[in-house]
Amino acid sequence: MKIGLLECDHVREEFRHIAGDYRDMFPALFMPLAPDWEFVFYDVTNGHFPASVEECDIYICTGSKFSVYDDEPWIHVLKAFVRQIYDQQKIYLGVCFGHQMLAEALGGKVQKSAVGWCVGVHEFTIDQQLPWMDPAQESVNLLMMCQDQVHQLPPDSAVLASANDCPVAMFRVGERMLGVQAHPEFPLLYEEALMRSRVERIGAEKVNKGLESLTLPLHSKLMAKWMVMFVKTVFSLTK
């Protein structure tokens, strides 16, 4: 099964010793659960897109330092490509920026959040329990690193999870596209390094609170399992 990783950013060189780049983090997260997944990498920030949406079975869209509403040529191309994924009924998994891109590309609205940055471990309350969320949980703790959020959903979508500071923490479009505002692919050490490097941007109080939250239980592996089960569920429906 071919997985197209749409790379919307790269880990800064000084942090790559922690867990590599995104093309290392995502396979490390998913392949223990789905060893048949073969990753293909597309550096979309530098204009490297699939020649056709048919190149891969599934597309995963990563986080980014950019905003989905930025006037960047590659972002406009990516929006059009996400619409092709939707039209061709391919499976899509969006993480942080990729979650926001799913909304923005298909008619929703993304903007800076009134609460500012969300960093560290946040509790996601499951608002709609679906069969692929197995084992079922009332809530999950996940890492966040964002200041943009989905404020308006696109058509044919539903919120699956929410957080105190993030009403649209996870949502689906139709039955084949899933967005998660969190970063299940981030190791704790990488999240910590990002927070410490962004104190001036985020604010010392939020960074300190975020650093304290890193001692809480984390459900990144469970979220990865759910995402794999989401994919398997979609494929079972097509057989």
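Assorted remarks:
- Residue in segment 175-191 that is in a loop (DSSP other than H, G, I, E, B), more than 29 Å from Trp74 (Cα to Cα) and in contact (Cβ under 8 Å) with a residue 12 or more places away in the chain present: no
- Some residue of segment 86-98 being among the hydrophobic types (A, V, I, L, M, F, W, C), in a helix (DSSP H, G or I) and in contact with a helix residue (DSSP H, G or I) (Cβ under 6 Å, 6 or more places away or on another chain): no
- Within segment 163-174, if we keep just the residues that are of a type in the set (Gly, Ala, Ser) and without any contact (Cβ under 8 Å) to a residue 60 or more places away in the chain, the residue that is surrounded by the fewest Cβ atoms within 10 Å (Cβ to Cβ) turns out to be Ala163.
- Segment 192-239, subset of a type in the set (Val, Ile, Thr) and without any contact (Cβ under 8 Å) to a residue 60 or more places away in the chain, residue nearest to Leu143 (Cα to Cα): Thr215
- One residue stands out in segment 1-12 among those that are aliphatic (A, V, I, L, M) and not in a loop (DSSP other than H, G, I, E, B): the one that is surrounded by the fewest Cβ atoms within 10 Å (Cβ to Cβ), namely Ile3.
- Number of residues in segment 13-51 that are over 16 Å from Trp74 (Cα atoms), assigned to a loop (DSSP other than H, G, I, E, B) and either without any contact (Cβ under 8 Å) to a residue 40 or more places away in the chain or of a type in the set (Ser, Thr, Tyr) (or both): the value is 7.
- Residue list for segment 203-236, restricted to those being in a helix (DSSP H, G or I), more than 15 Å from the chain's Cα centre (by Cα) and hydroxyl-bearing (Ser, Thr, Tyr): Ser213, Thr233, Ser236
Values in this text are rule-based calculations from the coordinates and carry no lab data. None of the values given here were measured: they were computed from a predicted structure. Please note: Cβ atoms are built from the backbone with ideal geometry, for glycine as well, and neighbour counts cover all protein chains shown.
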